[in-house]
Amino acid sequence: MCSLGNSAAALSAYFSASASAGSPAGSTSAKIRAWVDKMSRSAFELITPHPFTFKGKMYVLIDGGTFSAGSLLAANLKALKNVTFVGEETGGSKNVWTALTLKSLSLPTSQLLLRYGTLPAFFGDITRIDGRGLMPDVEITYQIEDELAARDLELDWVLKDMEKDISGR
């Protein structure tokens, strides 16, 4: 996982580069830059893991319905060596979200209510924002027959992998 100091340094570098390139991010980054500079100087206590922390194999099931806090959790877990992601690409980004204050907008024709966050939140290496979610280590693809039979292919894969580990095969 990245520390806030590393994230702050990455944000600072990103917005400096954006400003010098004349991108829109450079013109709107004054508040974010001030926050990054403040966070860079902040002191955060490092947490030492408990000696009985679980060190076994973990599986995380993800798909297009994994977004927001779920994507944030997945992005943090991706840094661990004992975690295997099973499923499909997450619906949310692996390194940038919008958060906090939610605004609402009613779409003119359909009258559907659209809610959106107004504050960008960043994680990890923001110099590599590619507009994609977190990709699974083991990709699972469903066929229509699987959906109709209500199969859970991700769970099936995990159980088979656990059985292999138990039996030593």
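Which order do the peptides 85-95, 105-115 come out in when sorted by mean C-beta neighbours inside 10 angstrom, highest first?
85-95, 105-115
With a 1.4 Å probe and every protein chain left in place, work out the accessible area per residue of the range 57-159 in Å², rounded to a whole number. Mind showing how you got there, number by number?
Values: 6540 Å² over 103 residues.
On a per-residue basis, 64 Å².
How large a share of the accessible area of the range 40-169, in percent, is made up of carbon and sulfur atoms when the probe is 1.4 Å and the other protein chains stay in place?
After summing per-atom areas, the C and S share lands at 60 percent.
Treating cross-link reach as a plain straight distance, find the lysines whose alpha-carbon is under 22 Å from the alpha-carbon of residue 160, omitting any fewer than eight places away in the same chain.
55, 57, 78, 81
With a sphere of radius 13 Å drawn around the Cβ of residue 137, what net charge do the other residues whose Cβ falls strictly inside it have (Lys, Arg +1; Asp, Glu -1)?
With Lys, Arg at +1 and Asp, Glu at -1, the neighbours total -2.
So for each of 47-56, 154-163, 66-75 I average, over its residues, the number of other beta carbons within 10 Å; can you give me the resulting order with the highest mean first?
Values: 47-56: 7.1, 154-163: 14.3, 66-75: 17.9.
Answer by packing, highest mean first, reads 66-75, 154-163, 47-56.
Under the rule of at least 5 residues apart or a separate chain, name every residue whose amide H is placed under 5 Å from the amide H of residue 83.
Long-range HN contacts for residue 83: 58.
Could you pull the Cα extents of the range 72-169 along its three principal axes, largest to smallest, in whole Å?
The principal-axis extents, from largest down, are 56, 37, 20 Å.
The values are calculated or read from the model by the stated rules, or taken from the named source; none is laboratory data. In this text the structure is predicted, and so the values were computed from the model without any measurement. Quick reminder, even Gly has a Cβ in these numbers, built from the backbone with ideal geometry, and neighbours come from all protein chains shown. Side chains included, ligands, DNA and RNA excluded: accessible areas come from the protein's heavy atoms. Shrake-Rupley method; radii C 1.70, N 1.55, O 1.52, S 1.80 Å.
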